[in-house]
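Working notes, structure below.
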Amino acid sequence: MKLRRLLGVDLGTTATKAALYTLDGSVIAEARMEVPLYNPAPGVVEQRLEEIYDSAAGAVRACLAGSGTDPSAIAAMAFDSQMAGVGAVDEDFRPVGHFDSWLDMRCRPYIEFMEQECGYRITALTGCPPTCDHGPKILWWMNERPAECARIAKFVMPSAYVAGRCVGLRAEQAFMDYTFLHFTALSDALAGGWSAELCAAFGVDARRLPRVVAPWDVVGELREEAARDFGLPAGIPVAAGCGDTAAGVVRPGMLLDTAGTASVLACSTDQFVADTTHRTLLTMRSVVPGLWHPLAYVAGGGLVLRWLCDQFLDADKSYEALFAALAAAPSACDGLTFSPHLGGRICPAAARMRGAWVGFSWSHTKAHFLRSAVESIAYEYAYYLEILRQLIPGLELVDGRVIGGGSQLRAWNQLKADVTGVPFRRVTRQESATWGAAMIAGKAAGLIRDLASHAEACPAVEQECAMPDESLRQLYRQGYVRYRAWQQTLNEGFHFDE
């Protein structure tokens with residue numbers, strides 16, 4: 001019987017990663033290529049779709065070179081990508097202008113405009129409050145770059161551009177898989193398509209929006225030119241792929257903690273919920289049919305830890321040294337509280353929020369300051385879960401699966417468990433995104449019948465689990481209530497002149 005391999009490619013913000021897998025999830029080979037970011041002016045962050053394509057081709061070639069695998073054994077391939085940025089193509093599927101990164105804030109006036117005009121309806125229909133994503137960016141193109149905008153046939157995501165170029169699509173065949181819908185500000189998430197109401201409200205021509213497909217839909221086969229670029233045989237099926245969030249949480253009540261540059265907490269639920277009251281949770285459609293992922297994040301959560309190491313530690317500036325130092329302070333820090341939003345708050349949106357320490361006295365030490373900053377991320381997670389329980393009464397949280405560089409820090413996982421009351425365990429698979437894309441490729445090729453069951457049959461989590469310390473529950477509950485009160489006060493203070 002011929003062995004069948006699956007190829008998954010993760011198109012990240014600063015790097016593209018490619019990995020070749022067996023059907024049971026074993027990694028045969030993997031590789032990465034850097035992707036440039038351009039900052040021509042303050043607040044401007046651009047990329048180029050052509051360079052994202054080139055990085056994918058280069059990563060796949062490097063992956064295959066170290067695999068010892070006959071490329072003809074690859075059954076299918078799929079791409080996942082960053083989600084909130086937007087690109088555009090002309091009638092011939094050639095890029096128009098730059099790719100507008102999710103880090104680019106030029107669309108801020110249009111975020112505020114969409115919030116003022118239809119904020120409640122956008123949240124209710126898409127599952128996501130107006131934020132720095134497709135809708136405001138499309139309005140920016142329409143109003144600030146009208147000449148370039150006139151050339152746009154379709155707006156596209158990175159995964160759809162790379163896959164479309166691989167198979168030779170034209171603009172009328174452009175697509176977007178349904179996991180991106182919450183970040184559009186123009187969709188009806190439950191219906192799984194575009195909202196005529198929202199498009200009309202903002203004057204967006206729905207004909208410029210791509211068709212919506214399932215992640216495992218085969219969008220074409222690898223054509224000759226792309227096959228040469230990627231070092232693959234022509235004819236390999238290419239699946240639509242998906243966005244890059246919440247891979248691997250496939251049953252209601254499972255949590256995914258992405259401990260990276262951002263600190264992201266996502267949950268898996270079997271019902272769509274729109275956080276119209278707090279405007280904090282963003283609800284995305286899962287790859288798995290019938291599931292949804294309410295999530296929220298601290299944009300620079302991981303950067304807070306790096307900042308603490310760089311600014312407050314001496315010779316050893318490692319994360320391990322940070323947690324060793326903060327261990328000298330008691331849980332909840334004797335009332336000392338930190339705000340982790342050094343670059344503004346995302347969930348809910350409060351662009352002028354900044355970092356702050358409040359409540360310190362003569363008795364507080366450096367360890368208190370370090371520990372309070374780290375605890376603040378866990379308090380944010382507790383806030384997200386409090387809202388989630390309000391939206392879905394009776395939801396039973398199973399455990400938190402931790403990925404990203406921060407997952408290696410056992411003390412960090414333990415602290416989050418103690419604050420939230422939820423067990424946390426580390427995902428041992430280093431590149432969950434490429435495996436998620438590879439499983440989608442497997443379903444597209446007919447090798448995987450049920451994605452959720454297959455993911456559970458190929459576990460990659462540690463048996464050891466950080467269990468909540470019940471003796472700390474009341475102490476951290478008091479710390480959480482204090483944290484929330486200070487967040488409200490600080491938000492008013494940072495926005496007092498508006």
Do the conditions hold for Leu397, that is, is it closer than 24 Å to Val273 by Cβ, open to solvent by 20 Å² or more (accessible area, probe 1.4 Å) and of a type in the set (A, V, I, L, M)? yes
Out of all the residues in region 380-394, which are open to solvent by less than 10 Å² (accessible area, probe 1.4 Å) and touching a helix residue (DSSP H, G or I) at 6+ places or on another chain (Cβ under 7 Å)? Tyr381, Leu385
Any residue at all in region 463-481 that is modelled with pLDDT under 90 and open to solvent by less than 50 Å² (accessible area, probe 1.4 Å)? no
Restricting attention to region 83-121, the residues that are within 20 Å of the chain's Cα centre (by Cα), crowded, with 18+ Cβ neighbours inside 10 Å and either modelled with pLDDT of 95 or more or among the hydrophobic types (A, V, I, L, M, F, W, C) (or both) number exactly 9
Contacts under 8 angstrom Cβ, first residue in region 474-485 being touching a residue at least 40 places away in the same chain (Cβ under 8 Å), partner polar (S, T, N, Q) and assigned to a helix (DSSP H, G or I), 6 or more apart: Leu475/Ser331; Tyr476/Ser331; Gly479/Ser331; Tyr483/Ser376
Residue match in region 413-434 (condition: aromatic (Phe, Trp, Tyr) and more than 26 Å from Leu385 (Cα to Cα)): no
Say we look at region 306-325 and pick out the residues that are part of a helix (DSSP H, G or I) and open to solvent by less than 30 Å² (accessible area, probe 1.4 Å); which of these is farthest from Leu388 (Cα to Cα)? Ala321
Please go through region 328-341 and give me each residue that is in a loop (DSSP other than H, G, I, E, B) and open to solvent by 70 Å² or more (accessible area, probe 1.4 Å), ordered by number. Ala328
Does Ala438 count as open to solvent by less than 60 Å² (accessible area, probe 1.4 Å), of a type in the set (A, V, I, L, M, F, W, C), modelled with pLDDT of 95 or more and closer than 26 Å to Gly260 by Cα? yes
Selection from region 424-455 of residues acidic (Asp, Glu) and within 21 Å of the chain's Cα centre (by Cα) yields Glu431
Identify all residues within region 1-31 that are at pLDDT 90 or above, open to solvent by 10 Å² or more (accessible area, probe 1.4 Å) and polar (S, T, N, Q); write none if there are none. Thr22, Ser26
Quick one: count up the residues across region 443-478 that are polar (S, T, N, Q) and under 18 Å from Pro215 (Cβ atoms). 1
From the list Val204, Val219, Val264, Val238, exactly one residue is on the phi < 0 side of the Ramachandran plot and within 20 Å of the chain's Cα centre (by Cα). Which is it? Val264
Among the candidates Trp194, Trp216, single out the residue that is farther than 23 Å from Asp100 by Cα and among the aromatic types (Phe, Trp, Tyr). Trp216
Does region 414-423 contain any residue that is more than 26 Å from the chain's Cα centre (by Cα), surrounded by fewer than 19 Cβ atoms within 10 Å (Cβ to Cβ), of a type outside the set (Val, Ile, Thr) and at pLDDT 95 or above? no
Might you let me know whether region 63-79 holds any residue that is farther than 18 Å from Trp435 by Cα, open to solvent by less than 50 Å² (accessible area, probe 1.4 Å) and touching a Cys at 6+ places or on another chain (Cβ under 9 Å)? no
What number goes with the only condition from (1) open to solvent by 50 Å² or more (accessible area, probe 1.4 Å); (2) in contact with a Cys (Cβ under 6 Å, 6 or more places away or on another chain) that Arg371 does not pass? (1)
Could you check region 153-193 and list, in sequence order, the residues that are out of contact with any Ser or Thr (no Cβ under 6 Å at 6 or more places or on another chain), open to solvent by 10 Å² or more (accessible area, probe 1.4 Å) and more than 23 Å from Ala15 (Cα to Cα)? Ala153, Lys154, Gly168, Leu169, Arg170, Glu172, Gln173, Tyr178, Leu190, Ala191, Gly192, Gly193
Return yes or no: is Tyr319 under 19 Å from Gln408 (Cβ atoms) and of a type in the set (Ser, Thr, Tyr)? yes
Those residues that are over 21 Å from Asp133 (Cα atoms), of a type in the set (Gly, Ala, Ser) and open to solvent by 40 Å² or more (accessible area, probe 1.4 Å), I need them from region 32-62; list them, please. Ala62
Cβ-Cβ under 7 Å pairs, at least 6 apart or on other chains, region 303-314 side free of Cβ contacts under 8 Å to residues at least 12 places away in the same chain, far side open to solvent by less than 80 Å² (accessible area, probe 1.4 Å) and not acidic (Asp, Glu): Asp310/Lys317
The strands (runs of 3 or more DSSP E) lying entirely within region 216-305 that contain at least 2 residues which are within 27 Å of Tyr379 (Cβ to Cβ) and open to solvent by less than 10 Å² (accessible area, probe 1.4 Å) are 255-259, 263-267, 282-285, 292-298
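The values are calculated or read from the model by the stated rules, or taken from the named source; none is laboratory data. Quantities reported herein were computed from a predicted structural model and do not represent experimental measurements. Methodologically, a virtual Cβ is constructed for each residue, glycine included, from the backbone with ideal geometry; neighbour enumeration extends over all protein chains shown. Accessible surface is based on the protein model in full, side chains and every heavy atom, while ligands, DNA and RNA are left aside. Shrake-Rupley method; radii C 1.70, N 1.55, O 1.52, S 1.80 Å.
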